[in-house]
Amino acid sequence: MVLAGGRGTRLGGLAKGLIRLQNGETVVERLLKLTDGFAFVSTNHPEWYERLDVPLVADLIPDKGAPGGLVTGLAMAPTEWVTIVACDMPFVTREMIARLHARTHAGADVVCFTREGQLEPLVGVYRRALCFDWEPRLEGNPSMRELASSVRLDTLEADEPARLISLNSPDDFRRAAESFSDSGVAGTLPRQAPPW
């Protein structure tokens, strides 16, 4: 599932999932290719993503940010484990997702990366059944880290921490360009940011 419910206020209202990359595709299109299984987009603006050939799911409880999108996605998912990637993280790879899935086990409810000791819950694998306990907690506006840390959490240190960069502001774009200037990932750096 791609979490694409944000308003993009730090980018002047731009839908971050629709940022076009160097190869011409949008961030959300790239992220949907990270899995061969059932994929969908969690968004409160389905009109922005209606061209995609995947289900678009609005939050069950509005105005709860990423946690609201997460809980909704878990409730709608048909599988026991659900992959979550935020729409402003275009450098996540299939190999990273595979590492998370390889770490799932009976004693964990969430598997996420850490970057420099900090939990990164916006790229992770979550047990679907968490939606039942977490949905009532949305009233208290918990953060993603609070939710993930409240259950049986397993973590992996990211091999390439720069791939967990979130593109939330113009400064983030500049930092990303510097991080990936000498690698093949440079081809996915943002080129422009119009809607379709």
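Points to keep in mind about this one:
- Which listed residue is of a type in the set (A, V, I, L, M) and touching a Gly at 6+ places or on another chain (Cβ under 6 Å), from VAL57, VAL28: VAL28
- Residue, surrounded by the most Cβ atoms within 10 Å (Cβ to Cβ), within the range 70-121, restricted to residues that are charged (D, E, K, R) and outside any loop (DSSP other than H, G, I, E, B): GLU120
- Among residues of the range 19-46 that are within 21 Å of TRP81 (Cβ to Cβ), those with a Cβ under 6 angstrom from a residue that is among the polar types (S, T, N, Q) and in a strand (DSSP E or B), sequence gap 6+ or separate chain, pair up as THR35/THR83.
- Only one of the numbered conditions (1) surrounded by 15 or more Cβ atoms within 10 Å (Cβ to Cβ); (2) closer than 23 Å to VAL28 by Cα; (3) over 14 Å from the mean Cα position of the chain (by Cα) is not met by GLY124, and that is (3).
- Restricting VAL185, VAL111, VAL151 to residues that are at pLDDT 95 or above and within 21 Å of THR35 (Cβ to Cβ) narrows the list to VAL111.
- Selection within the range 17-34 - in contact with a Ser or Thr (Cβ under 9 Å, 6 or more places away or on another chain) and modelled with pLDDT under 85: GLY17, LEU18, ILE19, ARG20, LEU21, GLN22, ASN23, GLU25
- The range 147-165, residues that are of a type outside the set (S, T, N, Q) and assigned to a helix (DSSP H, G or I): LEU147, ALA148, PRO161, ALA162, ARG163, LEU164
- Residue list for the range 72-117, restricted to those being basic (Lys, Arg) and more than 15 Å from the chain's Cα centre (by Cα): ARG99, ARG103, ARG115
- Some residue of the range 36-59 being buried (at least 18 other Cβ atoms within 10 Å of the Cβ), part of a strand (DSSP E or B), polar (S, T, N, Q) and modelled with pLDDT of 90 or more: yes
- Among (1) more than 16 Å from the chain's Cα centre (by Cα); (2) of a type outside the set (Gly, Ala, Ser); (3) on the phi < 0 side of the Ramachandran plot, the one test that ASP63 misses: (3)
- Considering the range 132-146, the residues that are part of a helix (DSSP H, G or I) and within 15 Å of the chain's Cα centre (by Cα) include one that is farthest from ASP63 (Cα to Cα), namely ARG145.
The values are calculated or read from the model by the stated rules, or taken from the named source; none is laboratory data. Because the structure is a prediction, the values reported are computed rather than measured. Please note: Cβ atoms are built from the backbone with ideal geometry, for glycine as well, and neighbour counts cover all protein chains shown.
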